[in-house]
């Protein structure tokens, strides 16, 4: 047996994800679709494989050049896409005088290809199509004898033969789905025109009109999924990876059916799920399918998360991941975060003790997290630098909050000199280490009386004072200024000693970082509420304005007079 894998298509239904990656190279559990199919053909006894290519063909060629298969695997480039029939004809010189198999590259299946081929050899008809029940695509009509009678262009019907064995039982009729797997006798090639686009289904319609028989191999107990759309691709990856994630997390557990429940998200575009199997649970983050080859959020989430866990920093353990599909399976830390803990605690001393514990962990995060940290893991900037402060915090504040949200007629240039001075001063007194960059109460989970850090994908090298400022002036909990000052004094004494820095310099860095963080918060809340439609973030804006007013007052109108005057005006009108 020889086989043709169809891989020339543009993957239009998978746009924009196929702009940089051909769909044949989309991975499932870390293995490209093309590789999975080649191994399946090899296992079925196939002697040689040819792959038709067009869209991003060089990437397919490059991938195959790095592989070592037990059988010959070659490609045939089509300058213009020829369709299924045209592709078969275009490789006519590859075929021998035996029946051959043609298979789509955008399917995932455990259908026994050897059984399919043997089925074809035993019935004596020119074509075998493998059919499966999928109500989305059930357009192929079959008769009671197991022959295909019609290819329908109308709406798919959910009717199907009763489930049972893999062989078709006479007397059953209905519609099924063509799986993209077929076996043809060499004589069929003669019916395909040369060098023009041709659909093999049209050839089969012609055969049926001549009373030729097209046999159906009915796939009933096998797994088959089309992955031609983002939704179906993500579903297939989940179905393959979730069971494996549970095995890795709970090696001795009895693994049952896996249930998925959506968790409430926050400011991120990621989707979060809790997966349960029996009395075990995991959390899955869906970052979305990769659009381009550059470092993305999921890459940083995995690399930084695994690094921090290896350093014994309290973060969720990542058990399994696929950075192309964007799925990450990790430890379930429950539903209680620091925000919920604080808001449900009436005793101020208890709240202060919580924060002192987190501040202690913050020092370890800064020091241990920086050891062996590779800046290549970051997906925005490798360091907290002037460009980041000016663009992602100061300009963000102006564009998203002042101009878009408050509709004020003000530009970045109006405040640029003060912004540049702010950036310089924040960096001058920075005590650098690993920086989380979103150290707020919703990103600190509480499990078994222990605190854990989550949402670390924005981490980079930068000032610990920024994370401390994020923690203490967090709008989600609204700590009083008295409690903030108490915790700040504790932090200066504790962290400056641990980090071996001058307490006054540490405090100076904190004062400037509190301003940059405050600007970022207001820009983010404005963007999320107005652009992303997450209006519940609006309720935190007044407190963030109050905090910014308070933080700027420490400079007594000396360093940032324009910004301080503007914020006072905003505070008086909002």
Within region 277-297, of all residues that are buried (at least 17 other Cβ atoms within 10 Å of the Cβ) and under 18 Å from residue 248 (Cβ atoms), the one farthest from the chain's Cα centre (by Cα) is 277
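Hey, among 471, 488, which residue is part of a helix (DSSP H, G or I), closer than 22 Å to residue 365 by Cα, without any contact (Cβ under 8 Å) to a residue 24 or more places away in the chain and out of contact with any strand residue (DSSP E or B) (no Cβ under 7 Å at 6 or more places or on another chain)?
When all the criteria are applied, what remains is 488.
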Condition met for residue 77 (in contact with a helix residue (DSSP H, G or I) (Cβ under 7 Å, 6 or more places away or on another chain), modelled with pLDDT of 95 or more and closer than 19 Å to residue 290 by Cα):
no
Yes or no: region 454-472 includes at least one residue that is surrounded by fewer than 22 Cβ atoms within 10 Å (Cβ to Cβ) and over 20 Å from residue 373 (Cα atoms).
no
Does residue 48 fit the bill of being surrounded by fewer than 21 Cβ atoms within 10 Å (Cβ to Cβ), touching a strand residue (DSSP E or B) at 6+ places or on another chain (Cβ under 9 Å) and on the phi > 0 side of the Ramachandran plot?
no
Subset of region 196-219 (residues that are part of a loop (DSSP other than H, G, I, E, B), in contact (Cβ under 8 Å) with a residue 40 or more places away in the chain and surrounded by fewer than 21 Cβ atoms within 10 Å (Cβ to Cβ))
196, 197, 199, 212, 213
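Out of all the residues in region 3-22, which are farther than 18 Å from residue 200 by Cα and in contact with a strand residue (DSSP E or B) (Cβ under 8 Å, 6 or more places away or on another chain)?
22
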Please find, within region 497-525, the residue that is surrounded by the most Cβ atoms within 10 Å (Cβ to Cβ) out of those that are free of Cβ contacts under 8 Å to residues at least 24 places away in the same chain and not in a loop (DSSP other than H, G, I, E, B).
507
Hand me the list of strands (runs of 3 or more DSSP E) wholly inside region 220-303 holding 3 or more residues that are farther than 30 Å from residue 437 by Cα and touching a helix residue (DSSP H, G or I) at 6+ places or on another chain (Cβ under 6 Å).
none
Limited to region 358-390, what total is found for residues that are within 21 Å of residue 308 (Cα to Cα) and surrounded by 13 or more Cβ atoms within 10 Å (Cβ to Cβ)?
22
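The values are calculated or read from the model by the stated rules, or taken from the named source; none is laboratory data. Because the structure is a prediction, the values reported are computed rather than measured. Methodologically, a virtual Cβ is constructed for each residue, glycine included, from the backbone with ideal geometry; neighbour enumeration extends over all protein chains shown.
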